[in-house]
1. Regarding the range 80-91, can at least one residue be identified that is within 16 Å of the chain's Cα centre (by Cα), modelled with pLDDT of 85 or more, of a type in the set (Asp, Glu) and surrounded by 16 or more Cβ atoms within 10 Å (Cβ to Cβ)?
2. Among the residues of the range 52-70, write down those that are in contact (Cβ under 8 Å) with a residue 24 or more places away in the chain and of a type in the set (D, E, K, R).
3. Quickly run through the range 10-43 and pick out the residues that are hydrophobic (A, V, I, L, M, F, W, C) and either farther than 17 Å from residue 96 by Cα or outside any helix (DSSP H, G or I) (or both).
4. Which residue pairs have Cβ atoms closer than 6 Å, lie 6 or more positions apart in sequence or on different chains, and pair a first residue in the range 154-167 that is under 20 Å from residue 126 (Cα atoms) with a second residue that is outside any helix (DSSP H, G or I) and aliphatic (A, V, I, L, M)?
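The values are calculated or read from the model by the stated rules, or taken from the named source; none is laboratory data. Note that this is a predicted model, so its numbers are computed, not measured. We place every Cβ from the backbone using ideal geometry, glycine too, and count neighbours over all the protein chains shown.
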Amino acid sequence: MDTLESIKSFCAQCGKRPLILDTNIFLLFLIGNADKKFIRDTRCTQKFTPENYDTLLIVFRYFKNEILITPHILTEISNFSIRDISEPRLSHYFARKVERLKLHKEENIPLTDLLGMDLKLLTRFGFTDMGIIDIAKKTGAVIFSDDMGLCLHANSQKIPSINFTTLTSKV
């Protein structure tokens, strides 16, 4: 799915599904939710724009009001946030982030499942992305990422995905 129209069409055909956001897209969502002007001032989101955040919100309308998150994604979000945001913004951002995260559903991948995955794929994509793939398979969620490699792999596994970079280049 690489246009808003193709996303709309997919959802009309397949129904509203949950989304699983990759770390960068989740960071854009959380930082934009705290303050859209803050997107360009934060190292982990400075490649995005406030308009990208608006596009993200448009996409959300087509899906279930349910965002799935894994402990791996949460860890990456926390690490990037602490590294890239300084006080007093960090406290404000974390307060908003905690409230926002209460609205999402956590999905966990048992360690034995992760360790049982194809070693070549783990080496290529890492635990976080392979966890995203696994959760999407199990839940029917759509992957939303700016990582073209992850999206291509998901598509090869018949898992629907949205590549944010491609989408925003066509908006």
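1. No: the range 80-91 contains no residue that is within 16 Å of the chain's Cα centre (by Cα), modelled with pLDDT of 85 or more, of a type in the set (Asp, Glu) and surrounded by 16 or more Cβ atoms within 10 Å (Cβ to Cβ).
2. 64, 66
3. If the condition is that a residue be hydrophobic (A, V, I, L, M, F, W, C) and either farther than 17 Å from residue 96 by Cα or outside any helix (DSSP H, G or I) (or both), then 10, 11, 12, 14, 19, 20, 21, 39 are the ones that fit.
4. Hits for this filter: 154/143; 160/142; 161/143; 162/1.
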